[in-house]
Every structure is written in C-alpha cells, then in structure tokens.
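Please read the structure below before turning to the comments.
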Amino acid sequence: MLNAAELREMLQREEVAFVVRWRGEIVASTRLTPHSAEVETEHTVTHAAHRSRGLATLVKARALAWAKADGFSSAGTGGTVLNLPMLRVNARLGYVPEAMWATWELGLLGLV
C-alpha cells in the first residue's frame, strides 16, 4: 500500500493533469497518461453548471498542446459512443474514430 507521498509521486510520474478554474474552483479537467511517444487523454470532465461553454475543448486542447511541445507525436482517447458532447469535442480537436469491435450477426431462421 502506498502512503500519500508515494501516491502523489506515482501520479506525478505517470500522469499530467490540466484544469480550468473559475473563482478558485476547478470546473473542468483532463488527464494525460504518457505511453512512449503517445499520450492518452482520459477523464475529461466539466462541472454541470459550466457545460456548453467550450471548457472541455479548452482544457483538452491545452493538454494536447503541452504534449506536442513536450515531444509526444500522437494522442489517443477513449470513451463511450453515447457521450455525444465528448464526441463533438474530440472531432473539434481532430481526433479520428477508430473501429474497435467486430460485430457478428447470425440469422436464426435457417438454423437446424
């Protein structure tokens, strides 16, 4: 089990966090996890009272600019296809969807 100092050091070594503050409160954030030449953006969130203002796009764009300046060559992100606002954010930032699943279908009427 890690103590608080060890946990903080591990997070600082393995992730980089970006936030948007409004009057001292964090209202949007995203995290980057480096993987050799790529970073993975994760857990981009905006407080409900501050949504639809472009804050998720802002914080994610800032994180990607940092990654580029720090020498990373590509970025990935995940997420549910049901989260339409985040799909719009990702499209605005230039992410391209990647097929992840093979869908198999079977017609049952002709089976014995």
Which of the residues spanning the range 20-33 are assigned to a strand (DSSP E or B), over 15 Å from A65 (Cβ atoms) and out of contact with any His (no Cβ under 7 Å at 6 or more places or on another chain)?
R21, E25, I26, S29, T33
Kindly indicate the residue of the range 31-68 that is of a type in the set (S, T, N, Q) and out of contact with any Asp or Glu (no Cβ under 7 Å at 6 or more places or on another chain) and also least open to solvent (accessible area, probe 1.4 Å) among those meeting that condition.
T41
For the range 34-75, what are the residues that are within 19 Å of G94 (Cβ to Cβ), of a type in the set (A, V, I, L, M) and assigned to a strand (DSSP E or B)?
V39, A75
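Per-residue answers, yes or no, for (1) in contact (Cβ under 8 Å) with a residue 12 or more places away in the chain; (2) touching a Leu at 6+ places or on another chain (Cβ under 9 Å):
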site: V20; (1), (2): yes, yes
site: L55; (1), (2): yes, no
site: K60; (1), (2): yes, yes
site: K68; (1), (2): no, no
For the range 76-95, give me each residue that is among the hydrophobic types (A, V, I, L, M, F, W, C) and either farther than 18 Å from H47 by Cα or open to solvent by less than 70 Å² (accessible area, probe 1.4 Å) (or both).
V81, L82, M86, V89, A91, L93
Check off (1) acidic (D, E); (2) over 23 Å from V20 (Cα atoms); (3) at pLDDT 90 or above for E40 and give me the number that stays unchecked.
(2)
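The values are calculated or read from the model by the stated rules, or taken from the named source; none is laboratory data. Predicted model, so just to flag it, every value in this text is computed and none were measured. Here the Cβ is made from the backbone with ideal geometry for all residues, glycine too, and neighbour counts use every protein chain on show. Note: accessible area is taken over every heavy atom of the protein model, side chains too, but ligands, DNA and RNA are not part of it. Shrake-Rupley method; radii C 1.70, N 1.55, O 1.52, S 1.80 Å.
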